[in-house]
Amino acid sequence: MRVVVTGGAGFIGSAVVRHLVLNKGYEVLNIDKLTYAGTETSVKAVGNRPGYRFLQADICDRAAIEQALVDFRPDRIMHLAAESHVDRSITGAKDFIDTNVIGTFTMLECARQYWLTLDAAEKQAFRFLHVSTDEVYGSLGDDGLFTEETPYDPSSPYSASKAASDHLAKAWARTYGFPVVVSNCSNNYGPYHFPEKLIPLMILNALDGKPLPVYGNGANIRDWLYVEDHARALDIIAERGRIGETYNVGGRNERRNLDVVTRICDLMDQLRPQQVSHSRLITYVTDRPGHDARYAIDATKLETELGWKAEENFDTGIEKTVRWYLENEWWWAPLRKGYEGNRLGLLDAGK
Ligand code: NAD
């Protein structure tokens, strides 16, 4: 099996690459621009495997993508490359429109042109998995879950750009019969998560004794999924998902942001004991504009139709994650030095 993964130097993409190369023995071509959010150190574990290749390229660069597909001849494409940080989309939306909308369009067109050159059997087996977020559905009230039928209602420039890309992907299936499958997932957490995102930010700030900034009153709810569960889900959806269909992916692990931060403080108290609890560092900051109140995913379709189930519950997953950050400074220290932080001083309280 030969798989192109876009965005494979990012958080989720690198988990997908590690899963496909190390657990499945697939040949993988990782296409990544290496923006501030991507680093080859996240795929160090597969770097010297014979089946693994890396191409530094922009998914908006049509010539580079066309050539890569012709040279590598994939059986499957898993498209994860994106600008993914909500706060950055509020302060500068252009990169999000370029990569998430134009980049997805470019990937779809290059992949379709390549697919047209395949023989009948190869064409039938080919899949293009477009990876997206539950944020396209907008915000939930106190009750209910996002299903695959929930109407789109994005709030941020990030989620609007992802919604646009989902519509393009689905249109390519309907209009051209191109074998696209779409997945929409809840908040991921786990190893190799860029230090600006909520969970790593809180772990690393707690480690340094810096304030732990929580948006608003911390009551916003997210449904957390361990990244390796997501990587397995994406592999299963790419392999067996029905063409033109959407699959929601979620961990059934709803938590208030404040509870997530408090749990991290408890773990830090255990693993790096101090005289006063790390929770003293929690500070409340002005809420993010357009901040969605609650996300929660109904993953029944994926569970019943394709037999996937999340294996990690939040309590064990968050402990593994905190331990991983404490043990892997080699990975996060250079990234933390290199990035300029949130441009308007906003700090992420979600993805
Ligand atoms: P990330 O920001 O960690 O990684 C994105 C990767 O894409 C980086 O390696 C970056 O270098 C690369 N990239 C960005 N622009 C590019 C371009 N123009 N050309 C080529 N490569 C480019 O993101 P992530 O959290 O791993 O998210 C991956 C995908 O999953 C995204 O599509 C995101 O919308 C989706 N998603 C993320 C979450 C989450 O909680 N993080 C949840 C659901 C869905």
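Side notes on the structure shown:
- Of residues in region 30-46 being within 15 Å of the ligand (Cβ to nearest atom) and more than 18 Å from the chain's Cα centre (by Cα), the one surrounded by the fewest Cβ atoms within 10 Å (Cβ to Cβ): LYS44
- Given (1) farther than 24 Å from MET1 by Cβ; (2) buried (at least 19 other Cβ atoms within 10 Å of the Cβ), number of the condition SER139 does not satisfy: (2)
- Given (1) without any contact (Cβ under 8 Å) to a residue 60 or more places away in the chain; (2) within 18 Å of the chain's Cα centre (by Cα), number of the condition THR316 does not satisfy: (2)
- Search result, residues across region 2-16 that are out of contact with any His (no Cβ under 9 Å at 6 or more places or on another chain) and closer than 16 Å to ILE237 by Cβ: VAL3, GLY13
- The residues of region 118-136 that are of a type outside the set (Lys, Arg), closer than 24 Å to ALA233 by Cα and loosely packed, with under 15 Cβ neighbours inside 10 Å, listed by number, are GLU122, GLN124, ALA125.
Yes or no, residue by residue, for (1) closer than 30 Å to GLU149 by Cα; (2) in contact with a Leu (Cβ under 8 Å, 6 or more places away or on another chain); (3) aromatic (Phe, Trp, Tyr):
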{"residue": "VAL276", "(1), (2), (3)": "no, no, no"}
{"residue": "ARG280", "(1), (2), (3)": "no, no, no"}
{"residue": "VAL285", "(1), (2), (3)": "no, yes, no"}
{"residue": "ALA293", "(1), (2), (3)": "yes, yes, no"}
{"residue": "ASP298", "(1), (2), (3)": "yes, yes, no"}
{"residue": "LEU306", "(1), (2), (3)": "yes, no, no"}
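- Sub-6 Å Cβ pairs linking a first residue in region 1-16 that is farther than 19 Å from PRO50 by Cα to a second residue that is among the polar types (S, T, N, Q) and within 9 Å of the ligand (Cβ to nearest atom), at least 6 apart or interchain, are ILE12/ASN188, ordered by first then second residue.
- Cross-chain or 6+ apart pairs with Cβ under 6 Å, region 34-47 first and under 17 Å from GLU228 (Cα atoms), then in a loop (DSSP other than H, G, I, E, B) and modelled with pLDDT of 95 or more: SER42/ALA9; SER42/TYR192
- Annotation note: Cβ proximity below 6 Å between a residue of region 60-80 that is among the basic types (Lys, Arg) and a residue that is outside any loop (DSSP other than H, G, I, E, B) and at pLDDT 95 or above (sequence gap 6+ or interchain) occurs for ARG62/THR106; ARG76/VAL3; ARG76/ARG127; ARG76/ALA238.
- Residue within region 47-56 that is within 15 Å of the ligand (Cβ to nearest atom), in contact with a helix residue (DSSP H, G or I) (Cβ under 6 Å, 6 or more places away or on another chain) and not aliphatic (A, V, I, L, M) present: no
- Residue tally, condition outside any helix (DSSP H, G or I) and of a type in the set (S, T, N, Q), over region 306-336: 2
- Restricted to region 119-192, the set of strands (runs of 3 or more DSSP E) holding at least 2 residues that are more than 9 Å from the ligand (Cβ to nearest atom) comprises 127-133, 180-185.
- Residue within region 156-173 that is under 21 Å from the mean Cα position of the chain (by Cα), free of Cβ contacts under 8 Å to residues at least 24 places away in the same chain and within 19 Å of MET78 (Cα to Cα) present: yes
- Restricting attention to region 1-25, the residues being within 15 Å of the ligand (Cβ to nearest atom) and among the polar types (S, T, N, Q) number 2.
- Residue in region 101-117 that is of a type in the set (A, V, I, L, M, F, W, C), under 17 Å from the mean Cα position of the chain (by Cα) and crowded, with 17+ Cβ neighbours inside 10 Å present: yes
- Taken together, the residues in region 1-26 that are touching a strand residue (DSSP E or B) at 6+ places or on another chain (Cβ under 8 Å) and surrounded by fewer than 19 Cβ atoms within 10 Å (Cβ to Cβ) amount to 2.
- Residues within region 91-142 that are among the polar types (S, T, N, Q), in contact (Cβ under 8 Å) with a residue 60 or more places away in the chain and farther than 25 Å from SER155 by Cα, tallied: 0
The values are calculated or read from the model by the stated rules, or taken from the named source; none is laboratory data. These figures come from a predicted structure and were not determined experimentally. Positions of Cβ are generated from backbone atoms using ideal geometry, with glycine treated the same way; all protein chains shown enter the neighbour counts.
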